[in-house]
Amino acid sequence: MNAETGPDAKQARSREQVWTVLIGGLVLLVGVLSALWLGPTVAQKKAAPAVPQLTPSMVPLVTGEEPIQLQFTKAGCPVCHIIPGIKGAEGRVGPALVLGLTGPQRLADPGYRGNATTVREYVIESILNPGAYVVPGYPDRAMPRWYGQKLSAGALENIAAYLEQVRDTSPSSAQ
Ligand code: HEC
């Protein structure tokens, strides 16, 4: 009897077919599962950075007596902003705080509807009332709305004085 057509060969062929189906199915299953699993991860990576949830209980009162670095860190601004001259301020949720450059642009924007007339006022307005002007391309309602309760008048002044003169490099006048 011929080995190619005999019952043994037939059996071997059907066993081969079963394996092909099994392996094919398995490959398909792994493919589908990994697409389901990796799909959202890939989509997340492409989306804007997740907005860190900062609650009032996470932020202590900033008195304004602290060194400027500490005033920013206590307030949590570095979580969302790049702030030249402030260590660890590398957040990318909001714009880099280089108001010496961007402040005049914001005030000149025809879409600006706030009440500030100087960069210093604009910075203070942005902190106390972030909804007054939402920088185009950035999420609204991401920046906390309760900084008025956490920053003393002195801290607010210090922060504004620091930010209004920041350009792209570390300001040399900062302590
Ligand atoms: C949870 C994230 C988050 C935190 C924390 C945060 N901000 Fe913001 N901030 C944003 C986002 C997003 C924007 C842009 C959208 C908008 O204008 O509201 C912004 C905008 C600003 C602007 C306007 C910037 C520009 O280029 O016109 C200033 C000034 C500012 N923030 C200062 C601060 C200061 C100071 C702190 C800390 C006391 C702080 N932010 C904390 C998210 C944050």
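The values are calculated or read from the model by the stated rules, or taken from the named source; none is laboratory data. Here the structure is a predicted model, which means the values were calculated and not measured. Every residue, glycine as well, gets a Cβ built from its backbone with ideal geometry; the counts of neighbours run over all protein chains shown.
The one condition from (1) modelled with pLDDT of 95 or more; (2) near the ligand (Cβ under 8 Å from one of its atoms) that R141 does not meet is (1).
Taken over region 50-68, the criterion of being in contact (Cβ under 8 Å) with a residue 40 or more places away in the chain, within 21 Å of the chain's Cα centre (by Cα) and either within 8 Å of the ligand (Cβ to nearest atom) or closer than 13 Å to N158 by Cβ (or both) is satisfied by V51, P52, L54. Taken together, L101, L107 contain a single residue that is within 20 Å of Y162 (Cα to Cα) and surrounded by 14 or more Cβ atoms within 10 Å (Cβ to Cβ), which is L107.
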